[in-house]
Amino acid sequence: MLQSFDLYFVSSNKHKYEEAKKILKSFGIHLGFCKFELEEIQSDSLKEIASNKAIDAFQKFKKPVIVEDDGLFIDSLDGFPGPYSSYVFKTIGNKGILDLLTQNRKAKFVSIVSFYDKHSSKSFVAKVHGKISKTQKGIGWGYDPIFIPEDSKKTFAESTNKNELSHRYKALKKFANWYLHEQK
Ligand code: ITT
């Protein structure tokens, strides 16, 4: 029999779910997965994109859901790719990003986690500052081989503790604190 969960993560990206599942498990929250590509509204605001996706996901699956929208913001490119991170990854990829950069390599990863059920709509934002490496390092998904978080010498793809310091961890921690309080 299929296991049922109180809360589902709706995303086309299995890697995001695998990380979110581990992180929320450490808070005692068991997360199910609905693998589905939700349509995104066009907006410069990750928060607006994520909260609309959560409503859309709830209407489709009729379960309490969280969705997550991420963006890599590079200082010297005025925040590009930001809300366009998914498209940019699929088109120019990590090599394309490395080719665009010269001196200033500062960047940040932002995560917005949006929850929606019949009673509440909530979003949680978090970021991790860092820089873009000079070459791709480590074996990882998405931008992990090129993102080095602050105070580290290793990219996310090389590090063994990404789930303790990532943008995703920080946003999900805020979510978990709120969610566990709401469930009491
Ligand atoms: P959704 O269906 O959940 O939207 P997505 O892969 O399109 O999945 P996002 O729009 O949130 O996800 O992510 C934007 C891009 O950033 C996308 O190419 C991801 O692979 C990448 N990304 C997000 N979080 C990442 C992380 O922790 N490490 C590396 N790359 C990440």
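The values are calculated or read from the model by the stated rules, or taken from the named source; none is laboratory data. None of these values were measured; they are calculated from a predicted model. We place every Cβ from the backbone using ideal geometry, glycine too, and count neighbours over all the protein chains shown. To get the accessible areas, we keep the full protein, side chains included, count just its heavy atoms, and leave off ligands, DNA and RNA. Shrake-Rupley method; radii C 1.70, N 1.55, O 1.52, S 1.80 Å.
Before moving on, here are some points about what is shown:
- Hits in region 1-28 - residues which are away from the ligand (no atom under 14 Å from the Cβ) and part of a strand (DSSP E or B): Leu7
- Filter pass, Lys162 being touching a residue at least 12 places away in the same chain (Cβ under 8 Å) and closer than 20 Å to Val113 by Cα: yes
- Taking each residue of region 1-26 that is free of Cβ contacts under 8 Å to residues at least 60 places away in the same chain and farther than 19 Å from Ser51 by Cα and looking for partners that are open to solvent by 90 Å² or more (accessible area, probe 1.4 Å) and within 11 Å of the ligand (Cβ to nearest atom) with beta-carbon atoms closer than 7 Å, six or more apart or interchain, yields Lys14/Lys35.
- Asp144 modelled with pLDDT of 95 or more, of a type in the set (Asp, Glu) and away from the ligand (no atom under 11 Å from the Cβ): no
- Tallying residues that are farther than 17 Å from Lys16 by Cβ and not in a helix (DSSP H, G or I) within region 160-184 yields 3.
- Qualifying residue in region 43-64 (condition: touching a residue at least 40 places away in the same chain (Cβ under 8 Å), open to solvent by 90 Å² or more (accessible area, probe 1.4 Å), in contact with a Ser or Thr (Cβ under 8 Å, 6 or more places away or on another chain) and under 21 Å from Phe109 (Cβ atoms)): yes
- Residue selected from region 87-101 under the condition open to solvent by 70 Å² or more (accessible area, probe 1.4 Å) and either aromatic (Phe, Trp, Tyr) or within 15 Å of the ligand (Cβ to nearest atom) (or both), by the criterion modelled with the lowest pLDDT: Tyr87
- Which numbered condition Glu39 fails, given (1) under 17 Å from the mean Cα position of the chain (by Cα); (2) of a type outside the set (Val, Ile, Thr); (3) away from the ligand (no atom under 13 Å from the Cβ); (4) under 21 Å from Lys90 (Cα atoms): (3)
- Scanning region 91-134 for residues that are over 17 Å from the mean Cα position of the chain (by Cα) and β-branched (Val, Ile, Thr) gives Thr91, Ile92, Ile97, Thr102, Ile132.
- Of all residues in region 106-147, those being more than 25 Å from Val67 (Cβ to Cβ), crowded, with 21+ Cβ neighbours inside 10 Å and among the aliphatic types (A, V, I, L, M) number 1.
- Residue selected from region 69-79 under the condition open to solvent by 30 Å² or more (accessible area, probe 1.4 Å) and more than 16 Å from the chain's Cα centre (by Cα), by the criterion nearest to the ligand (Cβ to nearest atom): Leu77
- Among the residues of region 126-147, at least one is more than 23 Å from Leu46 (Cα to Cα) and touching a Phe, Trp or Tyr at 6+ places or on another chain (Cβ under 7 Å).
- Failed item in (1) within 13 Å of the ligand (Cβ to nearest atom); (2) touching a residue at least 40 places away in the same chain (Cβ under 8 Å); (3) among the basic types (Lys, Arg), with Lys122 passing the rest: (1)
- When Ile55 is tested against the conditions (1) within 12 Å of the ligand (Cβ to nearest atom); (2) closer than 29 Å to His181 by Cβ, the lone failure is (1).
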